[in-house]
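Worksheet: one structure, shown below.
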Amino acid sequence: MNPPRVVVMGSANMDLMVTTEVLPKPGETVFGTDFVMVAGGKGANQAIAASRAGGAAALLGAIGSDSFGVTLKARIAAAGVDTDRLRVVYGASGVAVVTVDADGENTIVVTPAANSAFRGLTESELSAVREADVLVAQLEIPVDTVTEAARAARAAGTRVLLNAAPAQMVPAELLDLVDLLVVNEAEARAITGREEPEALLSVVPRAVLTLGRHGAWYGDRDGTATHVPAVTVELVDSTAAGDAFTGALAVAWGEDRELLDAVHWASAAGAACARRLGASVALPLRAEIDELYVPAV
């Protein structure tokens, strides 16, 4: 069977990551224990996650004309992602400054830069969307660009997976085009204004609510509503666990697995990622996901 074609539309950032014993309070300076510079951004992370999980992944987005942009494209391509349509715009690439404490918790500050210029899709970009099995998008690029891609996907029969992060209101037009919504609790509240996960099914036909160490919830309008237990591992860094989850979920869905089982597999991907420090460098290979995977019963 050919690998599913997963087109990821989203951000690409250079992640500047420092580890420290405790996260600094406002106005406080603390010493770091380590520093790494890796490719990141939700778009790049999810494309790499999909590639490592066994998908034929391509990334649509924008990088800057600076040295970070050159490095970003090279590292994303080295991870097996098709970067042929990745735009280069004049100016700075996106940057994320990430601090991770000894418990694996993190704080992140993102400067979008080139990501904000990703507007007005070309025919080549739209063609990639139309030919995909699954389109994956987030909200670290302009929402009108995501909506344009979702329209093209719907017209072509490409399934649309939206990871509505970071938390914000999502236009009704975009939600009407979404086949599967993936959100955490803050993102769910921003969309529905309610606490109960079932509220998500009033705006989309299928939804996954990620709950961190407490696992995930999956529901659909066919009557499924169930909790998916977390896969227990020793937590090192949760920075990219959500992106590992989303990328793996897109691959499993593209392979036509039952969605509930796909969520279980994606949960294993998130857990495998959290065992290592870093964002894109921590995203697991398919064999590592299978090692932790517990099928739905």
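The values are calculated or read from the model by the stated rules, or taken from the named source; none is laboratory data. Predicted model, so just to flag it, every value in this text is computed and none were measured. Reconstructed Cβ throughout: ideal geometry from the backbone, glycine too, with neighbour counts over all protein chains shown.
Just a few scattered comments:
- Beta carbons closer than 9 Å, at least 6 apart along the sequence or on distinct chains, never pair a first residue in region 197-221 that is of a type in the set (Phe, Trp, Tyr) and loosely packed, with under 15 Cβ neighbours inside 10 Å with a second that is assigned to a strand (DSSP E or B) and at pLDDT below 95.
- The single condition from (1) touching a strand residue (DSSP E or B) at 6+ places or on another chain (Cβ under 7 Å); (2) in a helix (DSSP H, G or I) that residue 217 fails is (2).
- Here region 144-170 is the region considered, the condition is being among the β-branched types (Val, Ile, Thr) and part of a loop (DSSP other than H, G, I, E, B), and the residue that is farthest from residue 259 (Cα to Cα) is 170.
- Only residues that are in a strand (DSSP E or B), in contact with a helix residue (DSSP H, G or I) (Cβ under 8 Å, 6 or more places away or on another chain) and farther than 18 Å from residue 92 by Cβ were counted in region 1-59, giving 9.
- Region 204-245: number of residues that are among the polar types (S, T, N, Q) and within 19 Å of the chain's Cα centre (by Cα): 3
- Taking region 178-190 as the range and being surrounded by fewer than 22 Cβ atoms within 10 Å (Cβ to Cβ) and touching a helix residue (DSSP H, G or I) at 6+ places or on another chain (Cβ under 8 Å) as the test, only 184 passes.
- Residues that are at pLDDT below 95 and either touching a Pro at 6+ places or on another chain (Cβ under 8 Å) or within 13 Å of residue 177 (Cα to Cα) (or both) within region 198-216 comprise just one, 215.
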